[in-house]
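Below is one structure, written out as structure tokens, with a few remarks after it.
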Amino acid sequence: MTAKQLNGRELAQKIQQNLVPQVVEITREIGRPPRLVVVLVGNVAASASYVKSKEAAAKRVGITADIFSIPESTTTAELVATVKAIGREEHGPVDGILVQLPLPDHVDARTVLDAVPPDRDVDGFHAENAGLLSQGRPRFIPCTAAGVQKMILDAGVETRGKHVVIVGRSDIVGKPLALLLASRGPGGDATVSLCHSHTANLKAITRQADILVAAVGIPQLITADMVKPGGVVIDVGINRIQDGDKSRLVGDVDYDTVVEAAAAVSPVPGGVGPLTVAMLLENTVLAAKERNKAPSDG
Ligand code: NAD
């Protein structure tokens, strides 16, 4: 069997095209385009490239995107002050604020993320938004988790009653995705196993997965023998590896072997990555709509 490829790029384009008329409408209502501010700290090449693709995608749908570049030497207190100033709109009106991760080791990322106003937290990493998701009444769903769910829904893969195995329990991917897929409704109602670095006999668990999601950060960790024949495999990982004198991106899934065992696999690049960006734009449009909604009666 050769698996179907789950094309995230095409789906992301569709999602972004659907956003264009919504952006036009809200621009008319509020007299300006929705605006996203991205805070980028230091000179990590991968972060700079992710931020550039977010900026370009925002502009393509009519969202204003501004990057605030902050030197690597910044402190937690300075960064918190910057994020709060952006939140107070000292640098112009703003609907979405995103702090690109990872932050330098000497900065306390949790404290900085807590400074993002929850009503503009388009990454969904603030405790208030994480809490709302855990209670089954999400506001901003973390973009990668939302993208994985969109990919599953778009492929027509049933989640209800299915066993989903997620490898990786980070606050930004694995944990929110587990909550999302276990929540009630379409794209949910799954039985979820959340595996991590202390999971014993990982292969015995991943082989049970109707849907297997890898979000680990270890190149090609998931091999064909770890996959249930006919299962669906979604690769969140983005890892740069050296290939001779060139480097290339690979996921956490050994695509070339898994493609022979699974029914469907997402590639890297061109899988979950573009969907993460599309979901960020959806969250920004949602933030702009919610913040500018006319106050309800009473
Ligand atoms: P993280 O480092 O915060 O978490 C990694 C998780 O993997 C941890 O929960 C850890 O317990 C688990 N783990 C580590 N070794 C393991 C092992 N041998 N077996 C089982 N579990 C193990 O990573 P993250 O931020 O969640 O990112 C994971 C990957 O996804 C990275 O490659 C990252 O670049 C990528 N990523 C991609 C997108 C995207 O848009 N596609 C977005 C975010 C992250």
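The values are calculated or read from the model by the stated rules, or taken from the named source; none is laboratory data. Computed from a prediction, not measured in an experiment: that's the story for all the values here. FYI the Cβ positions are ideal-geometry reconstructions off the backbone, even for glycines, and counts take in every protein chain you see. In case anyone asks, the SASA skips ligands and DNA or RNA and just uses the protein heavy atoms, side chains included. Shrake-Rupley method; radii C 1.70, N 1.55, O 1.52, S 1.80 Å.
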**Message:** Restricting to the stretch 149-186, count the residues that are open to solvent by less than 20 Å² (accessible area, probe 1.4 Å) and away from the ligand (no atom under 16 Å from the Cβ).
**Reply:** 1
**Message:** Looking at ASP105, ASP66, ASP114 in this structure, which one is out of contact with any His (no Cβ under 9 Å at 6 or more places or on another chain) and open to solvent by 30 Å² or more (accessible area, probe 1.4 Å)?
**Reply:** ASP105
**Request:** Pick out, from the stretch 197-298, the helices (runs of 4 or more DSSP H) lying fully within it that include 2 or more residues that are outside the structural domain of ASP154 (by TED's automatic domain parsing).
**Result:** 272-291
**Prompt:** Could you say which residue among ASP225, ASP243 is over 13 Å from MET1 (Cα atoms), open to solvent by 50 Å² or more (accessible area, probe 1.4 Å) and modelled with pLDDT under 95?
**Reply:** ASP243
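Conditions tested, residue by residue: (1) more than 17 Å from the chain's Cα centre (by Cα); (2) under 11 Å from LEU181 (Cα atoms).
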position	(1), (2)
ARG120	no, no
ALA127	no, no
GLY136	yes, yes
PRO142	no, no
ALA146	no, yes
ASP154	no, no
THR159	yes, yes
LYS162	yes, yes
ILE166	no, yes
**Asked** Going through the stretch 203-219 one residue at a time, which ones are out of contact with any strand residue (DSSP E or B) (no Cβ under 6 Å at 6 or more places or on another chain) and of a type outside the set (Lys, Arg)?
**Response** ALA204, ALA215, GLY217, ILE218
**Request:** For LEU113, state whether it is outside any loop (DSSP other than H, G, I, E, B), under 20 Å from ARG291 (Cβ atoms) and of a type in the set (A, V, I, L, M).
**Result:** yes
**Asked** Of everything in the stretch 235-260 that's within 10 Å of the ligand (Cβ to nearest atom) and in contact with a helix residue (DSSP H, G or I) (Cβ under 8 Å, 6 or more places away or on another chain), which residue is farthest from ALA204 (Cα to Cα)?
**Response** ARG240
